[in-house]
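The values are calculated or read from the model by the stated rules, or taken from the named source; none is laboratory data. Nothing here was measured: the structure is a model prediction, and the numbers come from that model. In this analysis, Cβ positions are derived from the backbone assuming ideal geometry, glycine residues included, and neighbour counts consider all displayed protein chains.
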Amino acid sequence: MEKNSQFKARFLNVSSEILIKLTKIEEMKGRWVGGINISPQILGRLKKSVLVTSAGASTRIEGSMMSDVEVEEFIQGLKVGKWKSRDEQEVKGYYELLSNVFDSWRALSFNESAIKHFHMEMLRYVPKDERHRGDYKKGENTVNMLDAKGNKIGVVFETVPAYLTPKKMQELMEWTLKAFEEKKIHPLFIIGNFVVEFLNIHPFQDGNGRLSRILTNLLLLKNGYLYMPYVSHEKFIEDNKNEYYMSLRRSQKTFGSENENISAWIDFFLNIILKQSEMAMELMESEHIEKLLSQKQLVVWEYMQTVIETATGEIVEKTGIVRPTVNQALERLLKLKKIEKIGLGRGTRYRKL
């Protein structure tokens, strides 16, 4: 089957449930663009927080063991060392590349050369990947499912042979760019198809999953989903990792058959974007919290936007507000359900919901 027809055929049996999700996402996309009034300062803090969360989540999906707190300390330079572990090397590369995407997406190109360049930048701090970064794979690779400790527990699917990779990537890019230009297929379907096909090809020796999530952010931004820097879709994928792998597998197992169908993947993909959209709406509405807090309470709240979690003493130290006032602010934020309390006694910590 001709590639253009093959890809289009994947969307012939779209369910009503998928269409309903698509409608909801588009509605919230419009509300964000038309109603965003969050201050630049808060947006800047949210972006820094999302970069940490996304870098941690995206690398943990592939087996990293670094927590968000460890990622944040490492990025802020609070951890002594020169990125000795592979986890740290991969986190730094992902963090910097995603930051560039968030800041410069309008100027960034989307083509094969750009994808290879992104791969090189993402792995720039990983010495073990130096020989193959930025180049398509020369040998075969498979996608493995990993447990919480990073151990292989099974094969998710076989990938496209190395000798076919350049041809398959060229076909995928040509169809994707043409589909965006023609605007006959919804952009979320085009992006979803790109991701599931990209991961089926698995064009690079390593880093394909992480790079697919970087490219997802770029393509969503280029298609008007402008809240990507403020809500982490990588975190949603991490929290639903089993469904992520299974939806990919169910869809990719149909490839090469007479009835290719990626509904399982599209449904999962839209679920992630829908959750992201809903959280973006909550962020937009939370701007009104400024009217509910005193000036010092607002300082505490704004500080909490910049960290994953914190303790009362840390807030006192960072904000310069006396402990009783900080305690009152925390109680107020708990009642407003903007934060949650973790632990008891001296070990109590707080994090935003």
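Quick look at the values:
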{"item": "Sole residue being in a helix (DSSP H, G or I) and under 18 Å from residue 188 (Cβ atoms), chosen from 102, 7, 11", "result": "7"}
{"item": "Any chance residue 204 is over 19 Å from residue 21 (Cα atoms), among the hydrophobic types (A, V, I, L, M, F, W, C) and not in a helix (DSSP H, G or I)", "result": "yes"}
{"item": "Residue satisfying condition, being more than 24 Å from residue 51 (Cβ to Cβ), among the basic types (Lys, Arg) and at pLDDT 95 or above, within set 222, 168", "result": "168"}
{"item": "Where a residue in segment 287-303 is surrounded by 14 or more Cβ atoms within 10 Å (Cβ to Cβ) and aromatic (Phe, Trp, Tyr) and its partner, wherever it lies, is part of a helix (DSSP H, G or I) and at pLDDT 85 or above, with Cβ under 8 Å and at least six apart", "result": "301/329; 301/333; 303/315; 303/318; 303/319"}
{"item": "Residues of segment 42-75 satisfying the condition of being assigned to a loop (DSSP other than H, G, I, E, B) and crowded, with 19+ Cβ neighbours inside 10 Å", "result": "64, 66"}
{"item": "Every residue from segment 254-270 that is farther than 15 Å from residue 195 by Cα and not acidic (Asp, Glu)", "result": "254, 256, 257, 259"}
{"item": "Residue identified as surrounded by fewer than 20 Cβ atoms within 10 Å (Cβ to Cβ), assigned by TED's automatic domain parsing to the domain that holds residue 212 and more than 21 Å from residue 308 (Cα to Cα) among 99, 85, 39", "result": "85"}
{"item": "From the options 59, 53, residue that is of a type in the set (Val, Ile, Thr), over 22 Å from residue 301 (Cα atoms) and under 14 Å from the mean Cα position of the chain (by Cα)", "result": "59"}
{"item": "Qualifying residues in segment 110-162 (those that are modelled with pLDDT under 95 and assigned to a helix (DSSP H, G or I)) - the one surrounded by the most Cβ atoms within 10 Å (Cβ to Cβ)", "result": "129"}
{"item": "Exclusive hit being in a loop (DSSP other than H, G, I, E, B), charged (D, E, K, R) and surrounded by fewer than 22 Cβ atoms within 10 Å (Cβ to Cβ), set 243, 282, 260", "result": "260"}
{"item": "Test: residue in segment 4-15 that is under 30 Å from residue 251 (Cβ atoms), loosely packed, with under 12 Cβ neighbours inside 10 Å and either out of contact with any Ser or Thr (no Cβ under 9 Å at 6 or more places or on another chain) or of a type in the set (Lys, Arg) (or both)", "result": "yes"}
{"item": "Yes/no for residue 28 being of a type outside the set (Phe, Trp, Tyr) and part of a helix (DSSP H, G or I)", "result": "yes"}
